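Novice: This is the structure I have questions about; it appears just below.
The values are calculated or read from the model by the stated rules, or taken from the named source; none is laboratory data. Please read all numbers here as calculations on a predicted model, not as lab measurements. Glycine also receives a Cβ, built like all others from the backbone with ideal geometry; neighbour counts cover every protein chain displayed. SASA here: full protein model, heavy atoms, side chains in, ligands and nucleic acids out. Shrake-Rupley method; radii C 1.70, N 1.55, O 1.52, S 1.80 Å.
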Amino acid sequence: MRKVFQEELTQVGDQLVEISRLVSEAMDKATTSFEVADVDLAQDVIAADARIDFLQNSLDERAIDILALQGPVASDLRMIVGSLRMSASLERMGDLARHIAQLARLRYPSTVIPESMTGTFKRMAELDQEIADKLTVLLETRDLEVARDILKANTAINDLHLSVFKAIAAPEWNESPATTVDVALASRYFERFADHGVSVAQKVTYLVTGAWQPTGTEHS
């Protein structure tokens, strides 16, 4: 029975990694479609989000079955409960990648962001992609140095997010109301994607160390 239990825990971990990889792929495609107004790529992201949702539901059902049938305690219990919460964060990251792709589709054939903001959003996209890629590594290895890298990238994104809102509030901002809304929404999507990445990194850190150190990113 213990061997079966451990195999079930391994399968939960493997599913988290699979979801993380799909999220990373979604973000890569979403940001490309966002930057170059590729509507076909945007549609791929939107359609593929259903797979992330399905895998999250499957993982959650498996985890709940383990809780009900195996009665895990101590570190195993933390692993199951943590996996339920991490899967929710990863699913939300997939949703945010979909939102970015939906913006790209909405404004096609134009790009979403005005030329004056392209550098800022390109950097935000790079940092979000770094977080997504590192999450997969973190879930596979539980290397806490990778978790620290994710926190650093999130700090940089927060600074960029703040700079976007300062820019659209400045007197010299002269873009249309629709563009202003798009810029604000897009910045929020990139910023929240990173926050959910931090949430996953925090939970992995907790699984490794047993110490919980919230940073205020636990909100949707």
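Novice: Could you work out how far apart the two model spin labels at Asn57 and Ser116 are, taking each label as a point 7 Å from the Cα in the direction of the beta carbon, and quote it in nm?
Specialist: Label-label distance for Asn57 and Ser116, simple model: 4.5 nm.
Novice: Round to a whole number: what % of the accessible area of the chain belongs to carbon and sulfur, probe 1.4 Å?
Specialist: Heavy-atom surface of the chain belonging to carbon and sulfur, 1.4 Å probe: 53 percent.
Novice: Say we join alpha carbon atoms closer than 10 Å with springs in a Gaussian network model of the chain; which of Leu69, Leu106, Leu59 then has the biggest fluctuation?
Specialist: Leu69
Novice: Another one. Quick one: how many lysine pairs does segment 1-153 have with C-alpha atoms less than 20 Å apart and a gap of 8 or more or different chains? Give me the count, please. Display every interim value, and only then the final one.
Specialist: Numbers: Lys29/Lys122; Lys29/Lys134; Lys122/Lys134; Lys122/Lys152; Lys134/Lys152.
Going through segment 1-153 pair by pair, I get 5.
Novice: Which residue fluctuates the most in the chain, going by a Gaussian network model with Cα springs under 10 Å, if the choices are Gln11, Gln102, Gln202?
Specialist: Result for the chain, Cα springs under 10 Å: Gln11 fluctuates most.
Novice: Given R₀ = 41 Å, what would the calculated FRET efficiency be for Ala211 paired with Val181, taking r from the Cβ atoms and rounding to 0.05?
Specialist: The computed FRET efficiency comes out at 0.50.
Novice: Accessible area per residue, 1.4 Å probe, Å², for segment 83-216: what's the number? Could the numbers behind the result be given before it?
Specialist: On the way: 6010 Å² over 134 residues.
With all protein chains present, segment 83-216 gives 45 Å² per residue.
Novice: From the residues Ala42, Gly210, Ile52, which one has its Cα farthest along the dipole of the chain in the positive direction, the dipole being from +1 and -1 charges on Cβ of Lys/Arg and Asp/Glu about the Cα centre?
Specialist: The Cα lying farthest towards the positive end belongs to Gly210.
Novice: Let me ask something else. Just the ratio, please: alpha-carbon radius of gyration of segment 45-144 over 2.2 N^0.38 Å, N its number of residues.
Specialist: Details: Rg = 17.7 Å, N = 100, 2.2 N^0.38 = 12.7 Å.
Normalised Rg, Cα atoms only: 1.40.
Novice: How far, in degrees from 0 to 90, does helix 177-209 lean away from the longest principal axis of the Cα atoms of the chain, to the nearest 10?
Specialist: That helix lies at roughly 20 degrees to the long axis.
Novice: With springs connecting C-alpha atoms under 10 Å apart, model the chain as a Gaussian network and identify which of Gly94, Gly82, Gly119 has the largest mean-square fluctuation.
Specialist: Gly119
Novice: Another question about this same structure. Using only the Cα atoms, what convex hull volume per residue in Å³ does the chain have?
Specialist: Measuring per residue, one finds 107 Å³ for the Cα hull of the chain.
Novice: On a 0 to 90° scale, report how tilted helix 118-141 is relative to the longest principal axis of the chain, with both axes built from alpha carbons and the result rounded to the nearest 10.
Specialist: 10
Novice: Starting at the first residue of segment 79-85, write each ³J(HN,Hα) from the Karplus equation 6.51 cos²θ - 1.76 cosθ + 1.60 with θ = phi - 60°, in whole Hz, x for Gly and Pro.
Specialist: 4, 5, 5, x, 5, 4, 6
Novice: Relative to the longest principal Cα axis of the chain, at what angle does helix 2-36 sit, 0 to 90 degrees, rounded to 10?
Specialist: Computed tilt is about 10 degrees.
Novice: With charges set only on the Cβ (+1 for Lys and Arg, -1 for Asp and Glu), what does the dipole of the chain come to about its Cα centre, in debye to the nearest 20?
Specialist: It comes to approximately 460 debye.
Novice: Rounded, prolate or oblate: which fits segment 168-213, taking a ≥ b ≥ c as square roots of the Cα gyration tensor eigenvalues, rounded meaning a/c under 1.5, else prolate when a/b beats b/c? Before the final figure, lay out each step's value.
Specialist: Values: a/c = 8.07, a/b = 3.87, b/c = 2.08.
Here segment 168-213 falls in the prolate category.
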